[in-house]
Amino acid sequence: MTLDPVALQVMIGALRAACDEMGAVLVRSAHSANIKERRDASTALFDAEGRMVMQAEHIPVHLGAMPSAVAAVAGEEHRPGDAWILNDPFAGGTHLPDITVISPVFTGAELVGFAASRAHHADVGAREPGSMPADSRTIEDEGVVIPPSRLSRGGELDRDMLENLTTQMRNPRQREADLRAQLAANRTGAERLEALAHRSGLAELRAAMSETMDYAERRTRASIAALEDGEREAVDLLEAAEGDIELRVRATVAGDAVELDFTGSAKQHGGNLNCPLAVTLSACYFALRVLTDPEVPACAGAYRPLSVLVPEGCLLDARSPAAVAAGNVETSSRVADLVLAAFGRALGQGTMNNLTLGSDRFTYYETLGGGQGACPDAAGPSAVHVAMSNTLNTPVEALELEFPLRAVEYAVRRGSGGAGRHRGGDGVVREVEALEEMRYSLITERRRHAPPGALGGRAGAPGRNLLNGEQLPSKASGTLHPGDRLRIETPGGGGHGKP
C-alpha cells in the first residue's frame, strides 16, 4: 500500500502527537523532581520489527540508544498487557539510572508495534546516593543492573519483581511511582496506536510506519548529497582522572551516504568514561541530524545513510563489566563534538556538568546548561543544554522546597563565550549551600580543555568546579557539611570567524 503525500503527513503528525502525549503523561505522573521538573525522560514508538517509527523531541542520548533496548526484547514472546524493563548497558541500556520500560502493542491478536519510555531515575542503588559515582571502576559500582525482564504479564504487574528492584534503591516508593508513570506513558502510546489502527486500518498503519521511514531516509540522503564529498578528520580529548584520553574520527561523505570511523580512539579503560555502542550510535545520529535536516522525522529511516565503525576493544564500544556512568553523559557529548568539529563547526560546552547530591534520606541529580557554539551566521545561545542533553533545569523554588539546599547564586556566566565574528554563548553559574550533611559527586568535562571555535573564532572559557572557593577536578566526590558551598561554572561555547 502506498499513501499519498497528504495522508502520509497526517499520519506522521498523528504518530508525533502520540509520542508527545506519552511524554506529557510521564512528566505529569512522575514523583521525582528529576522527571517532573527537569524532564529527564523520553518516549518513542516502534513498529512490530522493532524499528523506531517516531520519537518525541526529548533527550537525544536516550532516543538514539532506545532502539537497542527494543531490539533486546523484540524477539521474545509477547501478549497483550505485557511490559518489559531493563537498564543493562550491555543489553540495550545506556547507564544504570536510565531505566527503559517497553510495552508491546496489539490490535486483536496482531502485534502492531511497541511503546517505549526511558527515564533517568534519581537513584538505582550504588554506594553513592544518586548512582552517579565519579570514581566507579565496574558496572557493579554503579547500582542495580536490570537485564531485559518481564515486568508485567497479560496486564498483571509482577509485584514481587518490582519490590525486589525498588528495595535495592533509595526512596523505593518514589522509584515505584516513577516506574508506574512510565507504564502509564506506554499505555497512552498503545491506546493511540490502537486508535489509529481502528480508524485507518492495520494495513494502512503499517504502510504509514514503513513510508515514514522511507520518507525520512530520502530527505536525509538529499541533505547529505548537498555536502562536499571527501574525508574530514577531528581529534578531541576526554578528561579522565589519570590524564587525557584521545578520541578520533574520520568522516567520509560519498554521494548520499556518510561513514564515521573511530579507528585510533582510546581503548576501554578502568574508569567510567566507557561508552556502550548504543550510546556512541546515539551521538552519531544526533550529529547527523544537526548536519543535514533537523526537521526530518526522527525515526530509523533517517539513520539508514549512516555507517559507524568502532574498533573492537575501543572505549566507544565498552564490554562488560566496564563502568559507564560518565560514558552516557560525557563521552556521548564528546562523540557528537568530534563529528561536528570534523565538519568545521564551532563547539558548545561539550559537557552535561553532572551534579549529584544526596544521602540515605534524599537524592538530587542535575545537568547544567552552558554556552552553545556560534554558527556561521549567528551567535551561539547562552545558558542552554547542549548536544546530547535536552533537559530543563530544576527551578530554584523546587530545589529549596524539596531538598536541604539553599540556592546562593544562579546566573549567566557573562563573557565566557568565545570571541568571533559571531560570539559563542555564555555558560551559567550555579552555587548551592548544603543545609545538612550529604555526599556530592561531580562528573564534568571541559575543565582542562576549552570548547574550540571555528574559522578563527576563539575558544569558550573552560568550566570550573569549586568547593568553598577551592577548585576541584573535573571528576570529584566527597562530603558536604552544613554551610559548605558548591559552585559550578559551566563552559562557554566557541566563537565562529575571526573577531
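The values are calculated or read from the model by the stated rules, or taken from the named source; none is laboratory data. Treat the numbers as computed from the prediction; the structure is a model and nothing was measured. In this analysis, Cβ positions are derived from the backbone assuming ideal geometry, glycine residues included, and neighbour counts consider all displayed protein chains.
Here is the figure for the range 305-336: residues that are more than 30 Å from R487 (Cβ to Cβ) and either assigned to a strand (DSSP E or B) or of a type in the set (G, A, S) (or both) total 9. Criterion applied to V428, V339, V412 was being at pLDDT 95 or above, farther than 29 Å from H121 by Cβ, under 25 Å from the mean Cα position of the chain (by Cα) and part of a strand (DSSP E or B), and the one residue passing it is V412.
Mind listing whichever residues of the range 1-22 are assigned to a helix (DSSP H, G or I) and either crowded, with 21+ Cβ neighbours inside 10 Å or hydrophobic (A, V, I, L, M, F, W, C) (or both)? Write out each step before concluding.
Residues of the range 1-22 assigned to a helix (DSSP H, G or I): 5-22.
Scanning the range 1-22 gives V6, A7, L8, V10, M11, I12, A14, L15, A17, A18, C19, M22.
When you go through G469, G418 one by one, which is the residue that is at positive phi and more than 23 Å from the chain's Cα centre (by Cα)? Result: G469 is the single residue among G469, G418 that is at positive phi and more than 23 Å from the chain's Cα centre (by Cα). Of all residues in the range 311-357, those satisfying the criterion of being among the acidic types (D, E) and touching a residue at least 60 places away in the same chain (Cβ under 8 Å) are E330, D337.
Just to confirm my filter: which strands (runs of 3 or more DSSP E) fall fully inside the range 23-138 and include at least 1 residues that are polar (S, T, N, Q)?
Details: elements: 41-47, 52-55, 83-86, 98-107, 110-120.
It comes to 41-47, 52-55, 98-107, 110-120.
Among the numbered conditions (1) within 19 Å of the chain's Cα centre (by Cα); (2) at pLDDT 90 or above, the only one that H62 does not meet is (2).
So that you can scan it fast, the table gives a plain yes or no per residue for (1) within 20 Å of A346 (Cα to Cα); (2) acidic (D, E); (3) surrounded by fewer than 15 Cβ atoms within 10 Å (Cβ to Cβ); (4) within 20 Å of the chain's Cα centre (by Cα):
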| residue | (1), (2), (3), (4) |
| --- | --- |
| S210 | no, no, no, no |
| E228 | yes, yes, yes, no |
| A234 | yes, no, no, no |
| L238 | yes, no, no, yes |
| L247 | yes, no, no, yes |
| T252 | yes, no, no, no |
| A287 | yes, no, no, yes |
| C299 | no, no, no, yes |
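Restricting attention to the range 346-356, the residues that are more than 11 Å from D123 (Cα to Cα), surrounded by 24 or more Cβ atoms within 10 Å (Cβ to Cβ) and more than 14 Å from the chain's Cα centre (by Cα) add up to 4.
Quick check: anything in the range 393-405 in a strand (DSSP E or B) and touching a Phe, Trp or Tyr at 6+ places or on another chain (Cβ under 9 Å)? Steps first, please.
Going residue by residue through the range 393-405, those that are in a strand (DSSP E or B) are 405.
Now narrow it down to the ones that are touching a Phe, Trp or Tyr at 6+ places or on another chain (Cβ under 9 Å): 405.
Yes, some residue in the range 393-405 is in a strand (DSSP E or B) and touching a Phe, Trp or Tyr at 6+ places or on another chain (Cβ under 9 Å).
The residue that is farthest from G369 (Cα to Cα), among those in the range 443-499 that are among the basic types (K, R) and free of Cβ contacts under 8 Å to residues at least 60 places away in the same chain, is R458.
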